[in-house]
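Worksheet: the structure to be examined is printed underneath.
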Amino acid sequence: QKHLLGIEPLHPSEITTLLDLADQYVDLNRRDVKRSDALAGLTQINMFFENSTRTQASFELAGKRLGADVMNMSMQASSIKKGETLIDTAMTLNAMHPDLLVVRHPHSGAVDLLAQKVNCAVLNAGDGRHEHPTQALLDALTIRRAKGRLHRLSIAICGDIAHSRVARSNIMLLGKMENRIRLIGPPTLMPAGIEHFGVEVFEDMREGLKDVDVVMMLRLQKERMDGGFIPSEREYYHRYGLDAEKLGFAKPDAIVMHPGPMNRGVEIDGTLADDINRSVIQEQVEMGVAVRMAAMDLLARNLRTRVEGQGVYV
Ligand code: CP
């Protein structure tokens with residue numbers, strides 16, 4: 001692949017290759033000296049048009065640990081504020097010869113569009129409600145390490161499915177790896193026609209959680225609700241918030257996941273989120289750095305092959 005724009009175009013073998021490499025980077029990141037020269041001499045620019053803690057910090061750390069020159073664009077202070085378009089901004093940065101461009105944008109499809117205009121590798125750090133590929137990959141690595149495999153698992157994704165790029169990327173990735181996917185949430189937060197994606201849909205949390213191996217919780221994404229139905233947080237927590245009682249319907253060794261940022265007492269009980277016997281939320285964050293290192297390393301290898309073989313990059 002030239003870019004990492006989504007999970008959709010990835011073959012299961014490419015996912016496995018990336019996760020295997022990420023496993024090696026987990027080991028590197030646990031050493032005292034966290035250094036590799038996989039991206040030495042390359043320039044990485046991070047452009048986040050939407051807020052981020054985990055994704056931005058881990059892409060920055062990933063690039064630095066691999067020896068890249070990393071620049072974080074402050075989009076709030078950029079000429080976007082003077083009316084410059086996304087494409088003109090991207091073309092301007094492209095003229096400075098970056099090798100890797102990491103982009104988060106509130107509009108679905110914006111990152112794909114940008115990738116068509118630049119001649120460096122583009123990584124999608126989340127676009128609207130479309131895709132968040134590195135989140136799905138880090139979730140997959142977390143599951144594989146916790147469960148010892150990434151196939152034939154029963155996985156529940158719960159909450160605001162309709163507005164979630166995390167859910168969309170996970171449904172594709174976990175489906176490609178032949179897992180059983182259950183989506184649980186109120187009908188108002190379930191995308192129309194989602195049953196055609198080979199998933200089971202449940203309105204009742206206890207029914208949906210029955211005997212699952214993995215429980216993945218999602219945040220209510222009010223910023224994408226466009227003034228439509230916004231459930232009362234109290235009522236939502238009562239019906240869909242994960243607590244010890246509802247988790248009791250899953251397998252006794254089921255793991256609890258959340259991509260973050262989480263709203264304690266809305267979609268998840270705070271004590272359960274902190275329970276290291278069930279929750280792998282901190283492991284997800286750790287896997288995020290390793291997965292982003294692996295993704296950029298693999299794209300850089302392609303980049304170097306093209307430069308040496310065909311001179312595509314100038
Ligand atoms: N999971 C995730 O994308 O978190 P951030 O918005 O903090 O990057």
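The values are calculated or read from the model by the stated rules, or taken from the named source; none is laboratory data. All values derive from a computational prediction rather than experimental measurement. Neighbour counts are summed over all protein chains in view; Cβ atoms, including those assigned to glycine, are modelled from backbone coordinates with ideal geometry. Keep in mind that these areas ignore ligands, DNA and RNA; they rest on the heavy atoms of the full protein, side chains included. Shrake-Rupley method; radii C 1.70, N 1.55, O 1.52, S 1.80 Å.
Values as computed for the structure displayed
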| quantity | calculated |
| --- | --- |
| Matching residues in region 189-208 - criterion: being farther than 19 Å from Tyr236 by Cβ and at pLDDT 95 or above | Val199, Glu200 |
| Residues satisfying the stated conditions in region 100-123, i.e. touching a residue at least 40 places away in the same chain (Cβ under 8 Å), out of contact with any Lys or Arg (no Cβ under 7 Å at 6 or more places or on another chain) and closer than 12 Å to His3 by Cβ | Leu100, Leu101, Val102, Val103, Val111, Asp112, Ala115, Asn119, Cys120, Val122, Leu123 |
| Considering residues of region 214-227 that are more than 15 Å from the ligand (Cβ to nearest atom) and open to solvent by 40 Å² or more (accessible area, probe 1.4 Å) only, the residue nearest to Arg145 (Cα to Cα) | Asp226 |
| Residue in region 174-197 that is hydroxyl-bearing (Ser, Thr, Tyr) and in contact with a helix residue (DSSP H, G or I) (Cβ under 7 Å, 6 or more places away or on another chain) present | no |
| Residue, least open to solvent (accessible area, probe 1.4 Å), within region 81-94, restricted to residues that are assigned to a helix (DSSP H, G or I) and either of a type in the set (Lys, Arg) or more than 19 Å from Ser52 (Cβ to Cβ) (or both) | Asn94 |
| Filter result for Thr17 (modelled with pLDDT of 95 or more, within 16 Å of the ligand (Cβ to nearest atom) and surrounded by fewer than 15 Cβ atoms within 10 Å (Cβ to Cβ)) | no |
| Residues that are closer than 12 Å to Gly126 by Cα, open to solvent by less than 50 Å² (accessible area, probe 1.4 Å) and of a type outside the set (Asp, Glu), drawn from region 47-63 | Met47, Phe48, Phe49, Ser52, Thr55, Gln56 |
| Test: residue in region 243-256 that is within 16 Å of the ligand (Cβ to nearest atom), closer than 30 Å to Gln24 by Cα and buried (at least 20 other Cβ atoms within 10 Å of the Cβ) | yes |
| Strands (runs of 3 or more DSSP E) contained in region 95-205 and holding at least 1 residues hydrophobic (A, V, I, L, M, F, W, C) and within 16 Å of the ligand (Cβ to nearest atom) | 100-105, 121-127, 154-158 |
| Residue within region 47-56 that is in contact with a Leu (Cβ under 6 Å, 6 or more places away or on another chain) and either within 16 Å of the ligand (Cβ to nearest atom) or of a type in the set (A, V, I, L, M) (or both) present | no |
| Failed item, numbered, when Asp37 is tested on (1) modelled with pLDDT of 90 or more; (2) assigned to a helix (DSSP H, G or I); (3) open to solvent by 70 Å² or more (accessible area, probe 1.4 Å); (4) away from the ligand (no atom under 16 Å from the Cβ) | (2) |
| Residue that is within 16 Å of the ligand (Cβ to nearest atom), among the aliphatic types (A, V, I, L, M) and either without any contact (Cβ under 8 Å) to a residue 60 or more places away in the chain or touching a Pro at 6+ places or on another chain (Cβ under 7 Å) (or both), where the choices are Leu4, Leu61 | Leu4 |
| Inter-residue pairs, beta-carbon under 8 Å, first touching a residue at least 40 places away in the same chain (Cβ under 8 Å) and in region 77-99, second surrounded by fewer than 13 Cβ atoms within 10 Å (Cβ to Cβ), 6+ apart | Thr89/Ser79 |
| Qualifying residue in region 66-77 (condition: in a loop (DSSP other than H, G, I, E, B), surrounded by 21 or more Cβ atoms within 10 Å (Cβ to Cβ), more than 16 Å from the chain's Cα centre (by Cα) and among the small types (Gly, Ala, Ser)) | yes |
| Residue selected from region 272-289 under the condition without any contact (Cβ under 8 Å) to a residue 12 or more places away in the chain and more than 14 Å from the ligand (Cβ to nearest atom), by the criterion least open to solvent (accessible area, probe 1.4 Å) | Asp274 |
